[in-house]
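Presented below is the structure to which this report refers.
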Amino acid sequence: MGSERTRTALLTAATGTLGTVALGLALAKIHPWVGAAAALAGLVVVGLLVRRTYRTGPHTPWAQARAGLDAGHAVVLWKPTCLYCERLLRAVGADPRVTWVNVWADPAANRAVRDLNDGNELTPTALVGDAVLRNPNGAELLAALGSD
């Protein structure tokens, strides 16, 4: 959802900037240039983290993905910034039996992932037929899909 993404970006920016400023001030007591360099490097890292929040990736609308759900096909509910989602995407992203749904881009998918996980936005959540796999790794998802 847009508001979830915005909240994550603002929280990352605020906490990262405050931490970077505090580190820069502490290191400035050693030498002003050391503090300035640390603060600059920290701000670059914060910028990269905020940018990651707006990462795009594979997305099929939930209504379309849900319609194609069966025992030989998986629908993975994922979101940007989720390291476990990134790991799963690298492991099985090219498999044609897997459809990816970004829960931050699709409010219906966000409701679905929360309904499946006691109100939590737990990603990745993979659906294979009637099975719900929470935070599966690539091998677990491929095993649930079975062999070709």
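When the range 128-144 is filtered for residues that are under 15 Å from Leu89 (Cα atoms) and open to solvent by less than 60 Å² (accessible area, probe 1.4 Å), the ones remaining, listed by number, are Leu133, Pro136, Gly138, Leu141.
For Ala105, state whether it is within 14 Å of the chain's Cα centre (by Cα), under 23 Å from Leu49 (Cβ atoms) and touching a residue at least 24 places away in the same chain (Cβ under 8 Å). So Ala105 passes the test. Of the residues making up the range 122-129, at least one is in a strand (DSSP E or B) and of a type in the set (Gly, Ala, Ser). For the range 23-46, the set of residues classified as open to solvent by 60 Å² or more (accessible area, probe 1.4 Å) and touching a residue at least 24 places away in the same chain (Cβ under 8 Å) consists of Leu43, Val45, listed by residue number.
Residue count for the range 100-127, restricted to those that are open to solvent by 20 Å² or more (accessible area, probe 1.4 Å) and not acidic (Asp, Glu): 9. Quick one: is Arg66 charged (D, E, K, R), out of contact with any His (no Cβ under 8 Å at 6 or more places or on another chain) and open to solvent by 10 Å² or more (accessible area, probe 1.4 Å)? Criteria met by Arg66. Restricted to helices (runs of 4 or more DSSP H) entirely inside the range 19-115, those with at least 1 residues that are closer than 15 Å to Thr8 by Cβ and modelled with pLDDT of 90 or more are 83-92. For the range 130-144, a residue qualifies if it is outside any strand (DSSP E or B), touching a strand residue (DSSP E or B) at 6+ places or on another chain (Cβ under 6 Å) and among the aliphatic types (A, V, I, L, M), and the qualifying residues are Leu141, Ala144. Scanning the range 6-18 for residues that are assigned to a helix (DSSP H, G or I), among the hydroxyl-bearing types (Ser, Thr, Tyr) and at pLDDT 90 or above turns up nothing.
The values are calculated or read from the model by the stated rules, or taken from the named source; none is laboratory data. Predicted model only: the values in this text are computed from it and were never measured. Methodologically, a virtual Cβ is constructed for each residue, glycine included, from the backbone with ideal geometry; neighbour enumeration extends over all protein chains shown. Side chains included, ligands, DNA and RNA excluded: accessible areas come from the protein's heavy atoms. Shrake-Rupley method; radii C 1.70, N 1.55, O 1.52, S 1.80 Å.
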